[in-house]
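I have placed the structure first, in the form of C-alpha coordinates, so that the comments after it can refer back to it.
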Amino acid sequence: MPIPLDAPEVLQREFLEIRARLLQVAASLDRLGRAEGSVASDPRLAKIHEALAILADDETDRAERIQLTFSRAYDSQWQATFKLPAK
Amino acid sequence: MYYFDPHIHMVSRVTDDYEMLAKMGCVGMSEPAFWAGFDRGSVEGFRDYFRQLTEFETKRAGWYRVQHYTWLCINAKEAENLSLSREVIKMIPEFLDRPGVLGIGEIGLNKNTKNEATIFLEHLDLAAKTDEQILIHTPHLEDKYQGTRMILDMLCGDRRLDHGRVLVDHVEEHTIRAVLDEGFWAGMTLYPVSKCTPERAVDMVEMYGPERLLVNSAGDWGPSKPTAVPDFILAMRLRGHPESLIRRIVYDNPVKFFSQSRNFDFTPPEVYQTEPMG
(Lines give C-alpha, C1' and ligand atoms only; values in the text may rest on other atoms or scores of the structure.)
Protein backbone atom coordinates (compact mmCIF):
# COMPACT_ATOMS: atom_id res chain seq x y z
CA MET A 1 0.00 0.00 0.00
CA PRO A 2 1.56 3.35 -1.02
CA ILE A 3 2.22 6.14 1.48
CA PRO A 4 0.01 9.10 0.48
CA LEU A 5 2.84 11.56 1.19
CA ASP A 6 5.99 11.74 -0.94
CA ALA A 7 9.48 11.75 0.57
CA PRO A 8 9.94 15.55 0.63
CA GLU A 9 6.58 15.89 2.41
CA VAL A 10 7.52 13.25 4.98
CA LEU A 11 10.83 15.00 5.68
CA GLN A 12 9.11 18.37 5.92
CA ARG A 13 6.59 17.03 8.43
CA GLU A 14 9.01 15.00 10.53
CA PHE A 15 12.36 16.82 10.39
CA LEU A 16 11.95 18.68 13.69
CA GLU A 17 10.64 15.57 15.44
CA ILE A 18 13.56 13.45 14.19
CA ARG A 19 15.98 16.19 15.27
CA ALA A 20 14.40 16.37 18.72
CA ARG A 21 14.54 12.60 19.23
CA LEU A 22 18.17 12.41 18.13
CA LEU A 23 19.01 15.16 20.62
CA GLN A 24 17.15 13.24 23.34
CA VAL A 25 19.27 10.16 22.66
CA ALA A 26 22.48 12.23 22.45
CA ALA A 27 21.72 13.95 25.76
CA SER A 28 20.93 10.60 27.44
CA LEU A 29 24.29 9.20 26.30
CA ASP A 30 26.05 12.38 27.49
CA ARG A 31 24.30 12.01 30.86
CA LEU A 32 25.57 8.44 31.12
CA GLY A 33 29.08 9.74 30.43
CA ARG A 34 28.88 12.52 33.03
CA ALA A 35 27.52 10.27 35.77
CA GLU A 36 29.83 8.58 38.27
CA GLY A 37 30.67 4.92 37.70
CA SER A 38 30.85 2.92 34.51
CA VAL A 39 28.35 0.93 32.46
CA ALA A 40 30.85 0.08 29.74
CA SER A 41 30.42 -3.64 30.36
CA ASP A 42 26.62 -3.51 30.65
CA PRO A 43 25.18 -5.55 27.73
CA ARG A 44 22.33 -3.04 27.40
CA LEU A 45 24.80 -0.37 26.34
CA ALA A 46 26.16 -2.67 23.64
CA LYS A 47 22.59 -3.15 22.39
CA ILE A 48 22.13 0.61 22.23
CA HIS A 49 25.28 0.95 20.13
CA GLU A 50 24.09 -1.85 17.82
CA ALA A 51 20.79 0.00 17.38
CA LEU A 52 22.58 3.27 16.64
CA ALA A 53 24.59 1.52 13.93
CA ILE A 54 21.34 0.30 12.35
CA LEU A 55 19.98 3.85 12.39
CA ALA A 56 23.03 5.05 10.48
CA ASP A 57 23.09 2.37 7.76
CA ASP A 58 21.38 2.59 4.38
CA GLU A 59 19.34 -0.62 4.58
CA THR A 60 15.53 -0.76 4.96
CA ASP A 61 13.41 -2.14 7.83
CA ARG A 62 15.37 -0.29 10.50
CA ALA A 63 12.50 -0.50 13.02
CA GLU A 64 12.20 -4.28 12.63
CA ARG A 65 15.96 -4.77 12.89
CA ILE A 66 16.22 -2.62 16.01
CA GLN A 67 13.34 -4.57 17.56
CA LEU A 68 15.27 -7.79 16.91
CA THR A 69 18.43 -6.27 18.39
CA PHE A 70 16.58 -5.86 21.68
CA SER A 71 14.97 -9.32 21.56
CA ARG A 72 15.85 -12.64 23.17
CA ALA A 73 16.71 -15.34 20.65
CA TYR A 74 14.13 -17.91 19.54
CA ASP A 75 15.05 -21.59 19.73
CA SER A 76 12.97 -23.74 17.38
CA GLN A 77 13.62 -26.76 19.63
CA TRP A 78 12.02 -25.14 22.68
CA GLN A 79 9.18 -27.68 22.93
CA ALA A 80 11.66 -30.56 23.18
CA THR A 81 13.67 -28.60 25.75
CA PHE A 82 10.53 -28.12 27.86
CA LYS A 83 9.52 -31.78 27.34
CA LEU A 84 5.97 -30.72 26.49
CA PRO A 85 3.59 -33.53 25.53
CA ALA A 86 3.41 -34.10 21.76
CA LYS A 87 0.07 -33.31 20.11
CA MET B 1 -16.06 8.46 13.28
CA TYR B 2 -17.52 5.47 15.10
CA TYR B 3 -14.91 3.03 16.30
CA PHE B 4 -14.51 -0.21 18.27
CA ASP B 5 -11.73 -0.74 20.81
CA PRO B 6 -11.08 -4.51 20.58
CA HIS B 7 -8.83 -4.68 23.67
CA ILE B 8 -9.35 -2.52 26.76
CA HIS B 9 -9.51 -3.34 30.49
CA MET B 10 -12.37 -1.21 31.71
CA VAL B 11 -12.51 -2.81 35.18
CA SER B 12 -9.37 -0.74 35.82
CA ARG B 13 -10.86 2.51 34.54
CA VAL B 14 -13.30 5.00 36.04
CA THR B 15 -16.81 5.66 34.77
CA ASP B 16 -15.67 9.04 33.42
CA ASP B 17 -13.56 7.11 30.90
CA TYR B 18 -16.69 5.47 29.49
CA GLU B 19 -18.20 8.92 29.04
CA MET B 20 -15.05 10.28 27.37
CA LEU B 21 -14.75 7.27 25.04
CA ALA B 22 -18.41 7.56 24.04
CA LYS B 23 -17.91 11.25 23.24
CA MET B 24 -14.94 10.33 21.03
CA GLY B 25 -16.95 7.85 18.96
CA CYS B 26 -16.40 4.55 20.75
CA VAL B 27 -19.49 2.41 20.21
CA GLY B 28 -18.14 -0.99 21.22
CA MET B 29 -15.30 -2.61 23.10
CA SER B 30 -14.05 -6.03 24.06
CA GLU B 31 -12.39 -6.67 27.40
CA PRO B 32 -10.10 -9.68 27.85
CA ALA B 33 -9.54 -11.13 31.31
CA PHE B 34 -6.07 -10.14 32.57
CA TRP B 35 -3.73 -9.79 35.54
CA ALA B 36 -5.13 -7.55 38.30
CA GLY B 37 -1.70 -6.37 39.46
CA PHE B 38 -1.54 -9.12 42.08
CA ASP B 39 -1.91 -12.90 41.99
CA ARG B 40 -5.38 -14.01 43.03
CA GLY B 41 -5.57 -16.65 45.72
CA SER B 42 -8.43 -18.89 44.69
CA VAL B 43 -10.78 -19.93 41.93
CA GLU B 44 -13.52 -17.97 43.71
CA GLY B 45 -11.56 -14.77 43.06
CA PHE B 46 -11.78 -15.53 39.34
CA ARG B 47 -15.46 -16.43 39.54
CA ASP B 48 -16.16 -12.99 41.04
CA TYR B 49 -13.97 -11.35 38.37
CA PHE B 50 -15.86 -13.13 35.58
CA ARG B 51 -19.16 -11.97 37.14
CA GLN B 52 -17.85 -8.41 37.14
CA LEU B 53 -16.85 -8.72 33.47
CA THR B 54 -20.11 -10.29 32.32
CA GLU B 55 -22.55 -8.40 34.54
CA PHE B 56 -21.42 -5.03 35.89
CA GLU B 57 -19.08 -3.84 33.12
CA THR B 58 -21.73 -4.51 30.49
CA LYS B 59 -24.18 -2.46 32.50
CA ARG B 60 -21.72 0.39 33.18
CA ALA B 61 -20.78 0.62 29.48
CA GLY B 62 -24.45 0.68 28.58
CA TRP B 63 -24.96 3.87 30.59
CA TYR B 64 -23.01 5.59 27.79
CA ARG B 65 -24.41 3.56 24.90
CA VAL B 66 -21.19 1.59 24.51
CA GLN B 67 -21.63 -2.13 23.76
CA HIS B 68 -19.30 -4.20 25.94
CA TYR B 69 -18.00 -7.72 25.26
CA THR B 70 -15.54 -9.89 27.13
CA TRP B 71 -13.12 -12.84 27.00
CA LEU B 72 -12.32 -15.26 29.84
CA CYS B 73 -9.17 -17.06 30.99
CA ILE B 74 -6.45 -17.13 33.61
CA ASN B 75 -3.65 -14.89 32.36
CA ALA B 76 -0.05 -15.93 31.68
CA LYS B 77 1.43 -14.39 34.84
CA GLU B 78 -0.85 -16.41 37.11
CA ALA B 79 -0.40 -19.48 34.92
CA GLU B 80 2.76 -20.22 36.89
CA ASN B 81 0.36 -21.66 39.48
CA LEU B 82 -0.63 -24.84 37.62
CA SER B 83 -3.21 -26.13 40.11
CA LEU B 84 -5.07 -22.80 40.34
CA SER B 85 -4.93 -22.43 36.56
CA ARG B 86 -6.55 -25.83 36.07
CA GLU B 87 -9.30 -24.99 38.55
CA VAL B 88 -10.04 -21.77 36.65
CA ILE B 89 -10.02 -23.50 33.24
CA LYS B 90 -12.46 -26.07 34.61
CA MET B 91 -14.76 -23.29 35.85
CA ILE B 92 -14.73 -21.12 32.68
CA PRO B 93 -17.47 -23.10 30.84
CA GLU B 94 -19.97 -21.90 33.49
CA PHE B 95 -19.71 -18.48 31.80
CA LEU B 96 -19.26 -19.28 28.11
CA ASP B 97 -22.95 -19.02 27.22
CA ARG B 98 -23.44 -15.68 28.93
CA PRO B 99 -24.32 -12.73 26.65
CA GLY B 100 -21.28 -10.87 25.40
CA VAL B 101 -18.70 -13.60 26.08
CA LEU B 102 -16.67 -13.80 22.85
CA GLY B 103 -14.24 -16.57 23.73
CA ILE B 104 -11.03 -17.49 25.54
CA GLY B 105 -8.55 -14.69 26.24
CA GLU B 106 -6.23 -13.04 26.73
CA ILE B 107 -4.15 -16.19 26.97
CA GLY B 108 -0.49 -16.22 26.05
CA LEU B 109 3.00 -16.08 27.46
CA ASN B 110 4.73 -13.64 29.78
CA LYS B 111 8.27 -14.86 30.49
CA ASN B 112 8.03 -17.80 28.07
CA THR B 113 8.27 -20.50 30.74
CA LYS B 114 7.27 -24.16 30.66
CA ASN B 115 4.33 -23.62 33.02
CA GLU B 116 3.02 -20.73 30.92
CA ALA B 117 3.25 -22.88 27.78
CA THR B 118 1.52 -25.79 29.53
CA ILE B 119 -1.47 -23.66 30.58
CA PHE B 120 -1.58 -21.96 27.17
CA LEU B 121 -1.98 -25.39 25.56
CA GLU B 122 -4.71 -26.34 28.03
CA HIS B 123 -6.59 -23.12 27.18
CA LEU B 124 -6.28 -23.98 23.47
CA ASP B 125 -7.74 -27.39 24.20
CA LEU B 126 -10.70 -25.80 26.00
CA ALA B 127 -11.27 -23.40 23.10
CA ALA B 128 -11.14 -26.22 20.55
CA LYS B 129 -13.55 -28.41 22.52
CA THR B 130 -16.04 -25.58 23.08
CA ASP B 131 -15.61 -23.99 19.61
CA GLU B 132 -14.63 -20.63 21.09
CA GLN B 133 -12.68 -17.82 19.46
CA ILE B 134 -9.27 -17.00 20.97
CA LEU B 135 -7.59 -13.71 21.89
CA ILE B 136 -3.84 -13.89 22.58
CA HIS B 137 -1.46 -11.75 24.60
CA THR B 138 2.14 -11.70 23.36
CA PRO B 139 4.94 -10.87 25.83
CA HIS B 140 6.56 -7.51 26.45
CA LEU B 141 9.83 -6.00 25.24
CA GLU B 142 12.77 -8.42 24.95
CA ASP B 143 10.50 -11.44 25.44
CA LYS B 144 8.07 -10.57 22.63
CA TYR B 145 9.86 -12.04 19.62
CA GLN B 146 10.72 -15.35 21.29
CA GLY B 147 7.29 -15.62 22.93
CA THR B 148 5.37 -14.81 19.76
CA ARG B 149 7.28 -17.47 17.83
CA MET B 150 6.55 -20.00 20.60
CA ILE B 151 2.86 -19.07 20.57
CA LEU B 152 2.71 -19.49 16.78
CA ASP B 153 4.36 -22.91 17.12
CA MET B 154 1.66 -24.00 19.57
CA LEU B 155 -1.22 -22.55 17.54
CA CYS B 156 -0.01 -24.10 14.29
CA GLY B 157 0.55 -27.40 16.06
CA ASP B 158 -3.14 -27.74 16.90
CA ARG B 159 -4.97 -28.69 13.71
CA ARG B 160 -8.38 -28.19 15.33
CA LEU B 161 -7.96 -24.38 15.35
CA ASP B 162 -9.31 -22.10 12.62
CA HIS B 163 -6.63 -19.42 12.24
CA GLY B 164 -9.24 -16.91 11.07
CA ARG B 165 -10.87 -17.09 14.52
CA VAL B 166 -7.70 -16.27 16.47
CA LEU B 167 -6.49 -12.74 17.25
CA VAL B 168 -2.81 -12.34 18.18
CA ASP B 169 -2.42 -9.05 20.02
CA HIS B 170 0.39 -6.59 20.74
CA VAL B 171 2.18 -7.23 17.43
CA GLU B 172 5.06 -4.92 16.50
CA GLU B 173 7.42 -4.55 13.57
CA HIS B 174 9.31 -7.78 14.30
CA THR B 175 6.29 -10.03 14.88
CA ILE B 176 3.45 -8.81 12.64
CA ARG B 177 4.58 -10.54 9.44
CA ALA B 178 4.72 -14.03 10.94
CA VAL B 179 1.27 -13.61 12.52
CA LEU B 180 -0.40 -12.45 9.30
CA ASP B 181 1.44 -15.00 7.13
CA GLU B 182 -0.10 -17.82 9.20
CA GLY B 183 -3.60 -16.46 8.59
CA PHE B 184 -4.25 -15.10 12.07
CA TRP B 185 -5.69 -11.68 12.88
CA ALA B 186 -3.18 -9.20 14.31
CA GLY B 187 -3.78 -6.46 16.87
CA MET B 188 -1.54 -3.43 17.31
CA THR B 189 -1.56 -2.03 20.84
CA LEU B 190 -0.89 1.69 21.27
CA TYR B 191 1.11 2.22 24.48
CA PRO B 192 3.17 5.27 25.42
CA VAL B 193 6.53 3.47 25.82
CA SER B 194 6.48 -0.30 25.84
CA LYS B 195 4.51 -1.19 22.70
CA CYS B 196 3.55 0.78 19.59
CA THR B 197 2.92 4.45 18.82
CA PRO B 198 0.08 5.61 16.54
CA GLU B 199 2.61 6.67 13.89
CA ARG B 200 4.31 3.27 13.86
CA ALA B 201 0.90 1.59 13.67
CA VAL B 202 0.15 3.66 10.56
CA ASP B 203 3.50 2.53 9.13
CA MET B 204 2.48 -1.11 9.62
CA VAL B 205 -0.87 -0.48 7.90
CA GLU B 206 1.05 0.94 4.94
CA MET B 207 3.51 -1.96 4.89
CA TYR B 208 1.06 -4.87 5.37
CA GLY B 209 -2.35 -3.50 4.31
CA PRO B 210 -5.59 -3.47 6.31
CA GLU B 211 -6.52 -7.15 5.92
CA ARG B 212 -6.98 -8.87 9.35
CA LEU B 213 -5.45 -5.89 11.16
CA LEU B 214 -6.89 -4.27 14.31
CA VAL B 215 -5.76 -1.45 16.58
CA ASN B 216 -6.46 -1.14 20.31
CA SER B 217 -5.59 0.89 23.40
CA ALA B 218 -5.27 -1.97 25.92
CA GLY B 219 -6.07 0.72 28.49
CA ASP B 220 -5.61 -0.75 31.98
CA TRP B 221 -4.38 0.13 35.48
CA GLY B 222 -0.83 0.96 34.30
CA PRO B 223 0.52 3.75 32.10
CA SER B 224 -1.83 3.57 29.12
CA LYS B 225 -4.21 5.79 27.21
CA PRO B 226 -7.81 4.65 26.73
CA THR B 227 -8.26 7.20 23.94
CA ALA B 228 -5.34 5.83 21.90
CA VAL B 229 -7.57 4.60 19.04
CA PRO B 230 -8.73 8.18 18.27
CA ASP B 231 -5.01 9.10 18.27
CA PHE B 232 -4.48 6.46 15.59
CA ILE B 233 -7.44 7.80 13.58
CA LEU B 234 -5.89 11.28 13.63
CA ALA B 235 -2.44 9.94 12.68
CA MET B 236 -4.00 8.14 9.69
CA ARG B 237 -5.75 11.35 8.58
CA LEU B 238 -2.59 13.45 8.93
CA ARG B 239 -0.75 10.90 6.79
CA GLY B 240 -3.41 11.43 4.09
CA HIS B 241 -5.28 8.11 4.27
CA PRO B 242 -8.95 8.01 3.24
CA GLU B 243 -11.76 7.74 5.77
CA SER B 244 -12.86 4.42 4.23
CA LEU B 245 -9.51 2.82 5.05
CA ILE B 246 -9.52 4.22 8.60
CA ARG B 247 -13.05 2.99 9.19
CA ARG B 248 -12.13 -0.46 7.92
CA ILE B 249 -9.42 -0.82 10.56
CA VAL B 250 -11.16 0.74 13.56
CA TYR B 251 -14.73 -0.45 12.94
CA ASP B 252 -15.34 -2.89 10.07
CA ASN B 253 -12.45 -5.23 10.94
CA PRO B 254 -13.29 -5.71 14.63
CA VAL B 255 -16.97 -6.23 13.83
CA LYS B 256 -16.03 -8.79 11.16
CA PHE B 257 -13.71 -10.68 13.51
CA PHE B 258 -16.07 -10.67 16.49
CA SER B 259 -19.04 -11.67 14.32
CA GLN B 260 -17.58 -15.17 14.26
CA SER B 261 -18.53 -15.53 17.93
CA ARG B 262 -22.01 -16.83 18.75
CA ASN B 263 -22.41 -14.30 21.59
CA PHE B 264 -21.61 -11.21 19.51
CA ASP B 265 -25.06 -9.60 19.32
CA PHE B 266 -23.80 -6.24 18.11
CA THR B 267 -26.35 -3.61 17.10
CA PRO B 268 -25.00 -0.98 14.65
CA PRO B 269 -24.71 2.41 16.35
CA GLU B 270 -27.13 4.01 13.88
CA VAL B 271 -29.80 1.79 15.49
CA TYR B 272 -28.46 1.26 19.00
CA GLN B 273 -27.80 4.92 19.78
CA THR B 274 -31.38 5.90 19.02
CA GLU B 275 -33.16 3.07 20.83
CA PRO B 276 -34.80 3.97 24.16
CA MET B 277 -32.63 3.04 27.16
CA GLY B 278 -33.81 -0.24 28.70
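What the table shows:
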| quantity | calculated |
| --- | --- |
| Members of the range B:113-140 found to be within 11 Å of chain A (Cβ to nearest Cβ) and open to solvent by less than 10 Å² (accessible area, probe 1.4 Å), listed by number | B:GLU116, B:ALA117, B:PHE120, B:LEU124, B:PRO139 |
| Helices (runs of 4 or more DSSP H) fully within the range B:1-85 counting 3 or more residues that are acidic (Asp, Glu) | B:15-23 |
| Search result, residues across the range B:234-250 that are assigned to a helix (DSSP H, G or I) and either crowded, with 21+ Cβ neighbours inside 10 Å or small (Gly, Ala, Ser) (or both) | B:ALA235, B:MET236, B:SER244, B:ILE246, B:ILE249, B:VAL250 |
| Number of the exception - A:LYS83 against (1) open to solvent by less than 100 Å² (accessible area, probe 1.4 Å); (2) under 30 Å from B:CYS156 (Cβ atoms); (3) out of contact with any His (no Cβ under 6 Å at 6 or more places or on another chain) | (1) |
| Positions within the range B:199-222 being open to solvent by 20 Å² or more (accessible area, probe 1.4 Å) and more than 22 Å from B:ILE136 (Cβ to Cβ), in sequence order | B:GLU199, B:ASP203 |
| Residues (assigned to a helix (DSSP H, G or I) and open to solvent by less than 10 Å² (accessible area, probe 1.4 Å)) located in the range B:86-96 | B:VAL88, B:MET91, B:ILE92 |
| Selection within the range B:173-194 - under 18 Å from B:GLY219 (Cβ atoms) and open to solvent by 10 Å² or more (accessible area, probe 1.4 Å) | B:TYR191, B:PRO192, B:VAL193, B:SER194 |
| Some residue of the range B:247-259 being within 14 Å of another protein chain (Cβ to nearest Cβ) and among the β-branched types (Val, Ile, Thr) | yes |
| Qualifying residue in the range B:97-107 (condition: among the β-branched types (Val, Ile, Thr), touching a residue at least 40 places away in the same chain (Cβ under 8 Å) and either away from chain A (no Cβ under 14 Å) or open to solvent by 10 Å² or more (accessible area, probe 1.4 Å) (or both)) | yes |
| Matching residues in the range B:98-112 - criterion: being under 19 Å from B:HIS170 (Cα atoms), in a loop (DSSP other than H, G, I, E, B) and of a type outside the set (A, V, I, L, M, F, W, C) | B:ASN110, B:LYS111, B:ASN112 |
| Top-ranked residue of the range A:64-79 - restricted to ones that are surrounded by fewer than 16 Cβ atoms within 10 Å (Cβ to Cβ) and more than 17 Å from B:PRO139 (Cα to Cα), ranked as nearest to the other protein chains (Cβ to nearest Cβ) | A:SER76 |
| Residue in the range B:195-214 that is at pLDDT below 95 and closer than 19 Å to B:ILE107 by Cα present | yes |
| Residues satisfying the stated conditions in the range B:153-172, i.e. open to solvent by 10 Å² or more (accessible area, probe 1.4 Å) and of a type outside the set (Asp, Glu) | B:CYS156, B:GLY157, B:ARG159, B:ARG160, B:LEU161, B:HIS163, B:GLY164, B:ARG165 |
| Search result, residues across the range B:261-270 that are surrounded by fewer than 17 Cβ atoms within 10 Å (Cβ to Cβ) and over 16 Å from B:THR70 (Cβ atoms) | B:THR267, B:PRO268, B:GLU270 |
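The values are calculated or read from the model by the stated rules, or taken from the named source; none is laboratory data. All of these numbers come straight from a predicted model, not from anything done at the bench. Positions of Cβ are backbone-derived with ideal geometry, glycine not excepted, and every protein chain shown enters the neighbour counts. For the accessible areas, the whole protein counts, side chains as well, though only heavy atoms, and no ligand, DNA or RNA atoms are used. Shrake-Rupley method; radii C 1.70, N 1.55, O 1.52, S 1.80 Å.
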